[in-house]
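The values are calculated or read from the model by the stated rules, or taken from the named source; none is laboratory data. Keep in mind the model is a prediction, meaning the values are calculated, not measured. Every residue, glycine among them, receives a Cβ derived from its backbone with ideal geometry; neighbour counts consider all protein chains shown. What goes into the accessible areas is simple: the full protein's heavy atoms, side chains included, and nothing from ligands, DNA or RNA. Shrake-Rupley method; radii C 1.70, N 1.55, O 1.52, S 1.80 Å.
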Amino acid sequence: MDYCLGDPDGSATMWSVDGGPRVEGVDVDGDGLTDDVLSDLDGDGIADLATLDLDDDGVAEAHVSDDGTGTWTVGPGRGAAVRWFGLDGAEHPASDPVDVDGDPATAERLVDADGDGLADRAFGAGVAWVDTDGDGRWDVRLADTDGDGRADTAGSP
């Protein structure tokens, strides 16, 4: 998996890491500790999500994601969770357990790509939902039906 981060001087550094779609034990936040995690959610070999342990307590305090343009965007602030909508249209506060699709057997992961506190993307087992217009409601459902890490179908939620 490859990832690229901007440096304070305006330059950028690119790394390649072996380890598959999820790489643990990297130092993304520059604190000198290898306590961060990178994930390749779409299977293209490039990191899409970084989970950061900012205060080095073993708990993820921040997330940054690739917004699809190759640019890292900041997720919810330190320690913050995001509000989200279920497929039934009901809004859930950040304190609710994440279950976008109503299947309590698997929890979905949420991404707030624009930092407004409302989930823009949700990822489940082989399924993803995307809010394309920023209104908080899921507009597109993507499914990986053959398990190769790439969407095979797209449709309405």
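Does segment 120-139 contain any residue that is open to solvent by 60 Å² or more (accessible area, probe 1.4 Å) and not in a loop (DSSP other than H, G, I, E, B)? Talk me through it step by step, then tell me what you get.
Let us first name the residues in segment 120-139 that are open to solvent by 60 Å² or more (accessible area, probe 1.4 Å), namely 125, 132-133, 135, 137.
With not in a loop (DSSP other than H, G, I, E, B) added as a condition, the list becomes none.
Among the residues of segment 120-139, not one is open to solvent by 60 Å² or more (accessible area, probe 1.4 Å) and not in a loop (DSSP other than H, G, I, E, B), which makes the answer no.
Candidates in segment 91-116 are the residues that are farther than 20 Å from ALA62 by Cα and part of a loop (DSSP other than H, G, I, E, B); of these, the one that is most open to solvent (accessible area, probe 1.4 Å) is PRO104. Select from segment 19-32 the residues that are farther than 15 Å from ALA62 by Cα and part of a loop (DSSP other than H, G, I, E, B) and write down the one among them that is most open to solvent (accessible area, probe 1.4 Å). Per the criteria, the residue is PRO21. Of the residues screened, ALA143 is not one that is closer than 22 Å to GLY45 by Cβ, out of contact with any His (no Cβ under 6 Å at 6 or more places or on another chain) and open to solvent by 40 Å² or more (accessible area, probe 1.4 Å). One residue stands out among those in segment 54-68 that are under 14 Å from the mean Cα position of the chain (by Cα) and modelled with pLDDT under 75: the one that is surrounded by the fewest Cβ atoms within 10 Å (Cβ to Cβ), which is GLY68.
In segment 81-90 there is at least one residue matching the filter, namely being at pLDDT below 85, out of contact with any Phe, Trp or Tyr (no Cβ under 8 Å at 6 or more places or on another chain) and crowded, with 18+ Cβ neighbours inside 10 Å.
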